[in-house]
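Engineer: Okay, here's the structure, questions in a sec.
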Amino acid sequence: MTLFVGLMSGTSLDGIDAALVEIVDDVTRRPRLIDALCLPMSAELKAALLELTQASQVSFAMLGATESAFCDHQAEAVRQLLQRHDLEPSAITAIGSHGQTIEHAPYAETPFTYQLDNPSRLAELTGCQVVADFRRRDMAAGGQAAPLAPIFHQALFSDPVRTRLVLNLGGIANLTRLPPETSSLPVIGFDTGPANLLLDAWHARHRHGPIDESGSWAASGSIDQSLLTRLFEEPYFAAPPPKSTGREQFHLAWLEARLRGNEAAADVQATLAELTAASVARAARDFIVADNTDLIVCGGGARNRHLMKRLATNLPAVSITRCDDFGWSADWLEAGAFAWLAWRRIHRLTGNLPEVTGASGPRILGGIYAP
């Protein structure tokens, strides 16, 4: 048995998720979540990260200062998690650090993905071995470097006879298709489009709070079918996988360009919730096997009751559950994934699925930084 810590900060920019994971050195055994926490970001750090994701030009001074502040925040999350369990740094085999995505451009003339991180500083501050920079090796092999979680979903949720779809509702929604273990079909995973990213941004603008708690504001509005049609004209939704997206493509300016200007704010929120649910449903329908398909939902959107109801309406033939029913809180699955990917890197096991990312083959992901 070994202990790993996974660190994740997603497109929602709400905090650092840190997960303490127990992993047995046996690929047939499933990892176990021991504990996790979210250390909220300060308003200053969130604002700096948001500016970096949206700026057309960035100074090295700002980039360096924000990277150091972000890394310090990661280290504090690790410190609090270890302190909670009275663990010394030497008890942790490695920290798996995803970093904060600043820009993801798999379709650029020269594709690139950039995650703000400083694993050397993180190793120095925590006294733990760190595994980081998971994405760029897959991109070097011709892949999109995303999503990486489907191989972890396979390890946790695959079933001998049932088809399982794993849906992460973070800032962006991504879907993994896990065929029955007896099937020869490949695992497939891709980003379906926006989830909490647009919902949170629109709520923050009009309601002066970070999130639409339980989706109550969206539930108070009506779906604007004309607006929904205009949103679905975005070519990304019709593009086949492999595909991935992020804040670079879906943001408030993207939404505002499609508004007529006379929409009620609550109706826009209701329409954004429907955009998420309907885009997931469109992506999932090709993978549904009648009476034999489970949809396992994770991420912050799993707590949004209105969004979950819209998913159920759009996917009536699917059994919908949360990953909590499988021993993993919906909030900590992605952080757990990077703890597990760090374990795979330490053991020189591949961490990508070429069918998911489009890479030319399986690759060992991440670099190792000694304490």
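Engineer: Before anything else, pin down the relative contact order of the chain: Cα pairs under 8 Å, at least 6 apart, normalised by residue count, whole percent.
Structural biologist: Details: 786 pairs, mean separation 84.0, N = 371.
Averaging sequence separation for qualifying contacts and normalising by length gives 23 percent for the chain.
Engineer: So, one more: Need the full-extension length gain, L87 to E51, defined as separation in residues times 0.36 nm minus the C-alpha distance. One decimal, nm.
Structural biologist: Values: separation 36, 0.36 × 36 = 12.96 nm, distance 3.61 nm.
Between L87 and E51, full extension yields an extra 9.4 nm.
Engineer: Farthest toward the dipole's positive end in the chain, which of S68, W217, A105, given Cβ charges of +1 (Lys, Arg) and -1 (Asp, Glu) about the Cα centre?
Structural biologist: A105
Engineer: Quick query: amide H of T192 versus all other amide H atoms, modeled in the peptide plane; which residues come in under 5 Å with a sequence gap of 5 or more or a different chain?
Structural biologist: Correct list: A173, N174, L175.
Engineer: Residue by residue, what Karplus-based ³J(HN,Hα) values in Hz, rounded to whole numbers, does region 134-141 have, using 6.51, -1.76 and 1.60 with θ = phi - 60° and x for Gly and Pro?
Structural biologist: Along region 134-141, the couplings run 6, 7, 6, 5, 4, 5, 4, 8 Hz.
Engineer: Same structure again: Using the 4.7 Å Cβ rule, please list in number order the cysteines from the chain without any candidate partner.
Structural biologist: C38, C71, C128
Engineer: Let me ask you something else. Could you sort 208-214, 194-200, 64-70 so that the peptide with the highest average Cβ count within 10 Å comes first and the rest follow in order?
Structural biologist: Numbers: 208-214: 15.0, 194-200: 26.6, 64-70: 16.6.
Descending packing order for the listed peptides: 194-200, 64-70, 208-214.
Engineer: For the chain, with all protein chains present and a 1.4 Å probe, just round the carbon and sulfur fraction of the accessible area to a whole percent. Before the final figure, lay out the partial values.
Structural biologist: Values: 7660 of 15430 Å².
About 50 percent, which is the carbon plus sulfur part of the accessible surface.
Engineer: Please report the antiparallel percentage of the DSSP beta bridges confined to the chain, to the nearest 5.
Structural biologist: On the way: 35 of 54 bridges.
Looking only at bridges with both residues in the chain, the antiparallel portion is about 65 percent.
Engineer: OK, next. With θ taken as phi - 60° and the coefficients 6.51, -1.76 and 1.60, list the Karplus ³J(HN,Hα) couplings across region 91-98 in order, rounded to whole Hz; mark glycine and proline as x.
Structural biologist: For region 91-98, the Karplus-derived couplings read 6, 9, 5, 6, 9, x, 10, 7 Hz, x marking Gly and Pro.
Engineer: So, one more: Distance between Cα centroids, region 194-229 to region 297-371: provide it in whole Å.
Structural biologist: 24 Å
Engineer: List, in order, the whole-Hz ³J(HN,Hα) value for each residue of region 181-192 obtained from phi through the Karplus relation with A = 6.51, B = -1.76, C = 1.60 and θ = phi - 60°; use x for Gly and Pro.
Structural biologist: 4, 7, 8, 8, 5, x, 6, 10, x, 6, 7, 8
Engineer: What accessible area per residue comes out for region 276-351, rounded to a whole number of Å², with a 1.4 Å probe?
Structural biologist: Details: 3050 Å² over 76 residues.
Heavy-atom SASA per residue in region 276-351 reads 40 Å².
Engineer: Looking only at Cα atoms, what is the convex hull volume of region 2-89 per residue, in Å³? Please report the intermediate quantities before stating the final value.
Structural biologist: Values: hull volume 10.9 nm³, N = 88.
Taking only Cα atoms, region 2-89 has a hull volume of 124 Å³ per residue.
Engineer: Quick one: which residues, 5+ away or cross-chain, put their amide H under 5 Å from the amide H of L178? H built at 1.01 Å from N.
Structural biologist: Counting only residues 5 or more places away or on other chains, the set is R164, L165, V166.
Engineer: Considering every Cα-Cα pair within region 239-371, what fraction, in whole percent, is farther apart than 23 Å? Write down the numbers at each step before the final one.
Structural biologist: On the way: 4722 of 8778 pairs.
When every Cα pair of region 239-371 is considered, 54 percent fall beyond 23 Å.
Engineer: Need one value: the accessible area of L125 in square angstrom, 1.4 angstrom probe, rounded to the nearest 10.
Structural biologist: Accessible surface of L125 is approximately 90 Å².
Engineer: Now, a different point. Hey, what's region 1-155 come to in accessible area per residue, 1.4 Å probe, Å²?
Structural biologist: Numbers: 6830 Å² over 155 residues.
Result: 44 Å² per residue.
The values are calculated or read from the model by the stated rules, or taken from the named source; none is laboratory data. Not measured: the values here are computed from a predicted model. Using ideal geometry, Cβ is built from the backbone for each residue, glycine included, and neighbour counts are taken over all protein chains shown. Accessible surface is based on the protein model in full, side chains and every heavy atom, while ligands, DNA and RNA are left aside. Shrake-Rupley method; radii C 1.70, N 1.55, O 1.52, S 1.80 Å.
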